[in-house]
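Nothing in this text is a laboratory measurement; each read-out follows from the coordinates by a stated rule. Because the structure is a prediction, the values reported are computed rather than measured. Using ideal geometry, Cβ is built from the backbone for each residue, glycine included, and neighbour counts are taken over all protein chains shown.
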Amino acid sequence: MKRADAKTTAAAAAPVTKGKEKKKGKENYRPTRNACKLCAPLGAALAFKGFSKTIPFLHGSQGCATYIRRYLISHYREPVDIAASNFSEEAAIFGGQKSLLLGLENVCRQYRPEMIGLATTCLSETIGDNVPMFLKEYRKGREDGPPVVHVSTPSYRGTHAEGFHEAVRAVVESLATAPETPSREGINLFPGMVSPADIRHLKEIFKDFETEVTILPDISETLDGHLWSEYIRMPEGGTPIQKIRGSGRARASIEFGRVLSGQKSAGKSLEERARVQCFSLGLPIGVSESDRLFQTLSELTGHRVPERYNAQRERLLDAYVDGHKYVSGARAILYGEEDLVIGLAAFLSEIGITPVLCASGSKSGLLKEKLSQVTPDISKIQVEEGADFSDIEEIAAQSAPDIFIGSSKGYRIARALNLPLVRAGFPIHDRIGGPRIIHLGYQGAQALFDRIANALIEKRQSDSKVGYGYM
Amino acid sequence: MSQIEVLKDRKSQIHLKGSEPFEMTCDRHSLSGSVSQRACVFCGSRVVLYPIADALHLVHGPIGCAAYTWDIRGALSSGPELHRMSFSTDLQETDVIYGGEKRLYAALTQLIDQYQPKAAFIYATCIVGIIGDDVAAVCSRVSREKGIPVLPVHSEGFKGTKKDGYRAACDAMFKLVGREDTADVSPFSINILGEFNIGGEAWIIRKYYEKMGVQVVSVMTGDGRVGEIGRSHGAALNVVQCSGAMTSLAEMMQKEYGIPFIRVSYFGLEDTAKALYDVARRFPDNPEILTRTMDLVKNEIRAIEPDLKEYRKDLEGKRAAIYVGGAFKAFSLIRALKTLGMEVVLAGSQTGTDEDYRILEQMCDEGTVILDDANPVELSKYVIEKDADLFIGGVKERPIAYKLGVGFCDHNHERKIPLAGFIGMYNFAKEVHSTVTSPVWKFAHRRRRV
Ligand code: SF4
Ligand code: SF4
């Protein structure tokens with residue numbers, strides 16, 4: 001009885017049977033129409049950009065690297081250099097060892113990186129290149145060269161979200177050492193795919209807790225930098241390599257992402273290998289999820305929550321109250337990486353917005369379960385893993401939504417339905433300032449709340465014939 | 001300023017006019033480990049075929065190649081917009097192991113049923129070339145079953161350069177030519193090739209020809225339709241726009257249907273006027289065409305000249321760097337920049353040929369740097385050395401220009417503003433002016449007064 005209910009609520013008008021959950025099995029295969037995901041090497045390259053003077057290097061053909069660069073650049077508006085082994089036909093047939101070794105040498109010469117983040121593309125994976133062996137070969141006589149961290153990222157096995165987390169895990173697993181002494185210092189933070197502005201805010205928070213933090217990865221400067229006086233091969237910023245090595249000596253790790261908490265992760269790997277206890281939290285969006293972060297920090301550091309954050313929290317609650325009528329009862333379409341969707345859903349449920357559709361291109365199998373932990377009534381939410389934007393479009397058309405929240409890729413659908421889109425996450429290809437969007441902490445929730453409320457107000461204002469100058 | 005090292009193997013792809021005898025290596029595979037600005041074979045095919053708006057474009061491979069090319073180009077359509085959808089077979093691990101033909105077949109039949117396209121292009125990407133799917137066989141089977149042309153595009157990324165992708169696209173398109181009736185095609189008719197209707201450019205050009213009294217049978221591929229391409233063999237002349245992307249189609253059509261072709265550019269006043277005159281002179285039997293062309297050119301130029309003069313006042317003597325896809329486009333840009341009184345200090349392309357670079361060399365002033373398949377390090381080095389005020393390139397070059405405090409103009413497929421034709425020259429001047437004269441550059445490091 002309850003189940004049937006769920007469906008009718010989610011799809012206000014007719015029942016909707018789209019979405020790929022129902023597509024299991026060969027007969028039910030459907031091609032992807034306007035993907036709501038990117039490929040794994042993009043995620044890996046993005047993660048590598050957050051480590052000090054690290055050059056991402058894709059082992060495979062050149063086209064992938066060029067496309068990925070352009071995609072990242074359009075969002076961050078920063079130079080994003082990604083090297084590639086630039087497979088020729090010969091390499092594709094006889095294997096990519098020669099290309100890889102030559103490529104690594106060239107990239108060292110030209111960039112003098114502190115680390116090379118090597119991600120394999122579908123091509124090198126498919127031909128079965130034995131990259132670990134190639135690297136062993138490469139190391140001979142180059143023992144003091146920069147570390148080369150290899151992550152296997154064929155995109156037919158996962159999306160950019162998996163590529164990101166896998167790269168972080170590979171970095172930690174190859175560099176972090178278990179401590180010889182029992183003395184433990186500082187905290188590791190695995191923030192996931194959040195914005196440079198988010199990371200800057202997190203840094204402030206740790207500073208105010210007077211606690212040393214190692215953020216893995218830290219894209220706050222490398223992907224939201226400043227003007228240059230000359231060409232800089234490797235922009236400043238990113239987690240220093242020394243700190244990555246030292247992450248095994250931390251007092252604890254915190255990782256963000258409820259889906260990630262159910263998967264292999266860098267934090268858990270460090271817990272196993274170096275006994276650094278790992279605390280899995282949801283992406284701290286909204287009051288409750290942020291409270292969990294501050295509480296955890298308070299417990300771990302022994303410090304009380306600094307006054308300014310209590311003040312931020314109080315201001316946020318005041319804003320919730322001031323704006324509640326504008327947002328209450330609204331229906332939202334959420335899409336993007338699973339953990340972002342969950343974080344946003346948690347936040348929305350605090351202000352009375354129902355995320356009638358929560359969609360992601362990823363397929364962890366965990367989305368629904370994790371969403372039900374942060375939303376009061378999962379039966380009101382249609383959850384779609386492995387969704388593409390055509391699925392989202394079809395479902396949205398029948399769910400009577402009021403607002404879209406997610407990347408710029410949803411713009412065309414929102415526009416067709418004459419609905420506002422509040423931009424969040426990645427990519428933002430149609431606005432300035434994507435990297436400066438803040439989502440996390442009380443401050444992030446404040447910014448999101450204002451933007452969402454204003455988008456709904458603006459919609460009412462412009463739909464009205466009267467031309468109200470007050471709302 | 002630190003000297004930035006240029007990779008040794010790259011030296012032969014850089015030339016400094018006046019410093020050494022001209023000899024460049026181009027058209028070669030990008031060096032392993034370099035951060036190339038180049039794309040792949042697939043990208044070339046996708047650029048050419050993308051604007052065909054009533055065809056289904058299905059990318060056969062893992063998701064990336066399709067995802068990164070979803071709706072990123074400003075190629076407009078006046079009718080159907082199927083081209084703006086991104087379809088992918090989204091291959092999974094089992095497909096990579098057991099082959100992707102079944103998926104391809106299922107995807108094709110479903111999509112054709114759902115979207116009713118007039119034709120379908122199936123792009124084979126890298127992985128498909130490795131797992132050995134018989135794409136052509138699946139295509140012909142579906143074509144038989146569904147009664148529309150289903151054309152494989154052999155665009156495996158690693159099998160060459162972007163240019164090979166152009167050729168693969170032309171090969172596929174050629175199969176559409178000759179399928180339709182040409183009874184109502186005038187003897188004074190042309191096809192426009194290599195014009196992709198970025199920001200509505202094809203519409204601008206088409207209108208010029210129509211005003212001249214020349215029938216445009218098809219534009220390939222801007223605002224393109226399968227049916228129009230099908231009767232393009234009825235045209236008297238193929239007019240091929242720069243870039244060389246579609247020269248191979250023109251050659252095939254010449255061989256098969258005896259249609260001659262000319263190469264033109266619609267960029268800048270001189271080139272646009274020359275293009276229109278060149279076409280008009282091809283129809284001596286109808287002298288009115290030439291008369292009308294002269295009027296058109298005169299009126300169009302008169303309409304924008306005062307504005308251009310105003311812009312020129314501010315732009316005179318400013319220095320520009322050009323780095324674009326095809327060398328042919330660089331030629332036009334150099335002329336257009338000269339119209340604005342600007343000096344070209346760097347010129348390069350991703351895919352120029354030896355001959356292209358020779359022409360480029362002749363066009364440029366002493367001291368101009370000429371580059372083939374450059375990387376960010378080199379581009380920056382020369383932009384700083386030459387103290388450029390403007391950089392013309394694609395999205396990948398934009399942040400480099402901005403970081404170094406140099407104005408930027410997008411001259412690639414992602415732009416939304418039409419730069420072709422006379423009005424395009426006005427738009428170009430306006431855009432160049434808006435970036436070069438912006439007061440923000442005084443905050444750039446190289447302009448800061450310490
Ligand atoms: S081949 Fe794989 S890595 Fe390359 S773009 Fe496609 S999905 Fe991404
Ligand atoms: S997989 Fe091949 S075809 Fe696709 S983007 Fe990469 S190089 Fe190009």
Calculate the dipole size of the stretch B:189-298 relative to its Cα centre from +1 charges on Lys and Arg beta carbons and -1 charges on Asp and Glu beta carbons; express the result in debye to the nearest 20. 100 debye
Where a ≥ b ≥ c are root eigenvalues of the Cα gyration tensor, a/c under 1.5 meaning rounded, otherwise prolate if a/b exceeds b/c and oblate otherwise, the stretch B:41-164 counts as oblate
Expressed in Å to one decimal, the Kirkwood Rh of the protein assembly as shown from all distinct alpha-carbon pairs is 29.0 Å
Could you work out the relative contact order of chain A? I mean the mean sequence separation of Cα pairs under 8 Å and 6+ apart, divided by the number of residues, in percent. 19 percent
Go through the stretch A:379-394 residue by residue and turn each phi into a ³J(HN,Hα) via Karplus (6.51, -1.76, 1.60, θ = phi - 60°); whole Hz please, and just put x for glycine and proline. 5, 8, 10, 8, 9, 10, 8, x, 7, 10, 5, 6, 4, 4, 4, 5
Of all the stretches in chain A, which is the longest one without any exposed loop site, taking chymotrypsin sites (Phe, Trp or Tyr not before Pro) in a DSSP loop (any state but H, G, I, E, B) with at most 14 other Cβ atoms within 10 Å? A:1-467
Fewest Cβ neighbours within 10 Å first, please rank B:HIS83, B:HIS233 accordingly. B:HIS233, B:HIS83
Contour minus Cα-Cα span, A:LYS207 to A:ARG275, at 0.36 nm per residue, comes to 22.0 nm
In the stretch B:345-381, the GluC sites (Glu not before Pro) that fall in loop regions by DSSP, at most 15 other Cβ within 10 Å: B:GLU366
Note, the stretch A:151-164: 3J(HN,Hα) by Karplus (6.51, -1.76, 1.60, θ = phi - 60°), whole Hz, Gly/Pro = x, goes 10, 8, 10, x, 7, 7, 10, x, 9, 4, 5, 5, x, 4
Using alpha-carbon coordinates, inclination of helix A:97-111 to the longest axis of chain A, degrees: 80 degrees
Selected from B:GLY394, B:ALA106, B:PHE443, residue furthest toward positive end of dipole (chain B; charges at beta carbon): B:PHE443
What distance in nm lies between label points placed 7 Å from Cα along the C-beta direction at A:ILE432 and A:TYR326? 2.3 nm
Determine the shape class of chain B: with a ≥ b ≥ c the square roots of the Cα gyration tensor eigenvalues, call it rounded for a/c under 1.5, and otherwise prolate if a/b is greater than b/c, oblate otherwise. oblate
For the stretch B:41-164, give the magnitude of the charge dipole about the Cα centre (Cβ charges: +1 Lys/Arg, -1 Asp/Glu; no others), in debye to the nearest 20. 340 debye
Taking R0 as 22 Å, what FRET efficiency do you get between B:TYR277 and B:VAL185 from their Cβ-Cβ distance, rounded to the nearest 0.05? 0.45
So if we plug the beta-carbon distance of B:ILE423 and A:ASN418 into 1/(1 + (r/R0)^6) with R0 = 35 Å, what FRET efficiency do we get, rounded to 0.05? 0.65
So how tilted is helix A:287-301 from the main axis of chain A? Cα-based, degrees 0 to 90, rounded to 10. 40 degrees
Given labels modelled 7 Å from the Cα in the Cβ direction, how far is it in nm from B:ARG312 to A:ALA400? 6.4 nm
For the protein assembly as shown, what is the charge dipole size about the Cα centre, in debye to the nearest 20, if Lys and Arg each add +1 at the Cβ and Asp and Glu each add -1 at the Cβ? 840 debye
Can you give the longest stretch of chain A with no exposed loop site, where a site means GluC sites (Glu not before Pro) in a DSSP loop (not H, G, I, E or B) with at most 16 other C-beta atoms within 10 Å? A:237-471
What residues have an amide H closer than 5 Å to that of B:MET342, excluding those fewer than 5 places away on the same chain, when H is modeled at 1.01 Å from N in the peptide plane? B:GLY317
Using the charge dipole of the stretch B:160-259 (Lys, Arg: +1 at Cβ; Asp, Glu: -1 at Cβ; taken about the Cα centre), state which of B:ALA202, B:SER189, B:SER232 has its Cα farthest towards the positive end. B:ALA202
